[in-house]
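> Let me give you the structure first, and then I'll get to my questions.
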Amino acid sequence: MSQAFLSIITVNRNNKEGLRKTLESVLCQQGLAADSLEYIVIDGDSSDGSLALLQDYAERSTFPQHISWWCSEADSGIYNAMNKGLAHATGKYVLFLNSGDYLASPTILRQVWGEEIAVDIAYFDVILYYPDRTKLLIFPDEITPQFYVAGRSLNHQCCLIRTSLQKKYPYDESFRMVSDSDFFIKTIIRDGCSYRHYRFPLSYYEAAEGFSSNPVTRRLRDEEWQVLLRRYFSDAVLQDIRELLDFKYGYLGILRKARKLFSMLRSHHKQKSPSSGSV
């Protein structure tokens, strides 16, 4: 049997309906070559019916795809569960799509296959979804230290990572919130791994209920973020980058907004003015 192109790993704990959404998103993918997709599901000993749901979907044969391997057992946190899934991944690339997140369409992986990806990290755009709205998050083509010092990061839900690279640097389980960002800084910024931005959305991210977007856990994330930045950047470098960001998004940002507002007002004034001409 040839190596699968992609291993998708889903981690779940007590999110039955989110798990259902994610399972159907992956299992309904159409137009893929046989055995090109490996699907691994790690459940954290859920008590809300997730296990029964997982067993049901694992036994079904009506979906175009199937679950390759799954387990349900206690873990020490989300990154511990993600590392468990990673240990079983055998595909060329790996994608973490956790419960509640789902792929952008039933044919999106066929579109990804057509890109003939060869870089270490391929990242796509992502759609954030809330109970009442969605928002397209477009990433830059170049990932720089400024991107991270400004508090941004790539979403693992839209990143295909070469499996050998991900296994070389499994997630740091001492972090509860920012270990995925630690991985990207380590590989892209520090080690200079190859990467490429593909300008279309790969997945939907459950922004309203996600662990890292919950206001209750925001403070923990901010604290870990400062620890993370100091792991890779000196205080002097951080200060220089922050001053650059202040200039870029402060003074110059205000100028850009003022020019945009002036342009809008001028356009509105022209539309309201009576047309000139002979009577």
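Please treat every number below as a calculation from the coordinates, not as lab data. Given the structure is predicted, the values throughout are model-derived calculations rather than measurements. Note that each Cβ is placed from the backbone with ideal geometry, even for glycine, and that neighbours are counted across all protein chains shown.
> Could you calculate the contour length gain from Lys135 to Leu244, that is, 0.36 nm times the residue separation minus the distance between their Cα atoms, to one decimal place in nm?
36.5 nm
> Shifting gears a bit: Can you give me the Kirkwood hydrodynamic radius for segment 31-106, using every pair of distinct Cα atoms, in Å to one decimal?
Across segment 31-106, the inverse of the average 1/r is 13.6 Å.
> Rounded to whole Hz and in sequence order, give me ³J(HN,Hα) for segment 17-30 from the Karplus expression 6.51 cos²θ - 1.76 cosθ + 1.60, θ = phi - 60°, writing x for Gly and Pro.
In residue order, the calculated couplings are 5, x, 5, 4, 4, 5, 4, 5, 4, 7, 5, 8, 5, 10 Hz.
> Which of rounded, prolate or oblate describes segment 24-170 when judged by the alpha-carbon gyration tensor and an a/c cut-off of 1.5?
Note, shape of segment 24-170 comes out rounded.
> When only DSSP loop residues count, what GluC sites (Glu not before Pro) in segment 10-107 have their Cβ near at most 16 other Cβ atoms within 10 Å? Numbers along the way, then the final one.
Values: sites: Glu17, Glu24, Glu38, Glu59, Glu73; in loops: Glu73.
For GluC sites (Glu not before Pro) across segment 10-107 that sit outside H, G, I, E and B with at most 16 neighbouring Cβ atoms in 10 Å, the list reads Glu73.
> If a/c stays under 1.5 just call it rounded; otherwise compare a/b with b/c (prolate if a/b is bigger, oblate if not). Do that for segment 97-158, with a ≥ b ≥ c from the square roots of the Cα gyration tensor eigenvalues.
Note, shape of segment 97-158 comes out oblate.
> Taking the Cα centre of segment 68-211 as the origin, how large is its charge dipole in debye, to the nearest 20, when only Lys and Arg (+1) and Asp and Glu (-1) carry charge on their Cβ atoms?
Its charge dipole is roughly 260 debye.
> Now a separate question. How large is the dipole of segment 83-139 about the Cα centre if only Lys and Arg carry +1 and Asp and Glu carry -1, each at its Cβ, rounded to the nearest 20 debye? Could the numbers behind the result be given before it?
Details: 5 positive and 6 negative charges, 34 e Å.
Value, rounded to 20: 160 debye.
> Now for a separate question. Using label points projected 7 Å from each Cα along Cα→Cβ, tell me how many nm separate Ser164 and Ser72, to one decimal.
3.7
> Between beta-carbons, use under 14 Å as the cut-off and find the net charge around Ala52, counting Lys and Arg +1, Asp and Glu -1.
-3
> Also, I was wondering about something else. Which value in nm describes the separation of the simple spin-label points at Ala118 and Ser234, placed 7 Å from the Cα toward the beta carbon?
It is 3.8 nm.
> Report, in listed order, any pair from Lys135/Lys167; Lys21/Lys168; Lys84/Lys186; Lys16/Lys135; Lys135/Lys168 with a Cα-Cα distance greater than 29 Å.
Details: Lys135/Lys167 32 Å; Lys21/Lys168 31 Å; Lys84/Lys186 21 Å; Lys16/Lys135 24 Å; Lys135/Lys168 33 Å.
Over 29 Å Cα-Cα: Lys135/Lys167; Lys21/Lys168; Lys135/Lys168.
> Run the quick spin-label model on Gln30 and Phe200: label points 7 Å from Cα toward the beta carbon, then report their separation in nm to one decimal.
Each label point lies 7 Å from its Cα, and together they span 1.5 nm.
> Amide H to amide H, which residues 5 or more places from Tyr195 or on other chains are under 5 Å from it, using H placed in the peptide plane?
Asp120, Ile121
> Could I ask something else about it? Mind listing which trypsin sites (Lys or Arg not before Pro) in segment 142-193 are in a DSSP loop and have 14 or fewer other Cβ atoms within 10 Å? The partial results should precede the final answer.
Working: sites: Arg152, Arg162, Lys167, Lys168, Arg176, Lys186, Arg190; in loops: Arg152, Arg176.
Filter output for segment 142-193: Arg152.
> How would segment 89-204 be classified by its alpha-carbon gyration tensor: rounded, prolate or oblate, with rounded meaning a/c under 1.5 and the a/b versus b/c comparison settling the rest? Before the final figure, lay out the partial values.
Numbers: a/c = 1.40, a/b = 1.17, b/c = 1.20.
Verdict is rounded for segment 89-204.
> Using the Karplus equation 6.51 cos²θ - 1.76 cosθ + 1.60 (θ = phi - 60°), what ³J(HN,Hα) coupling, rounded to whole Hz, does each residue of segment 134-140 give in order, writing x for Gly and Pro?
Those phi angles translate into 10, 8, 7, 9, 9, 8, x Hz.
> I've got another one for you. How big is the convex hull of the Cα atoms of segment 1-73, per residue, in Å³?
81
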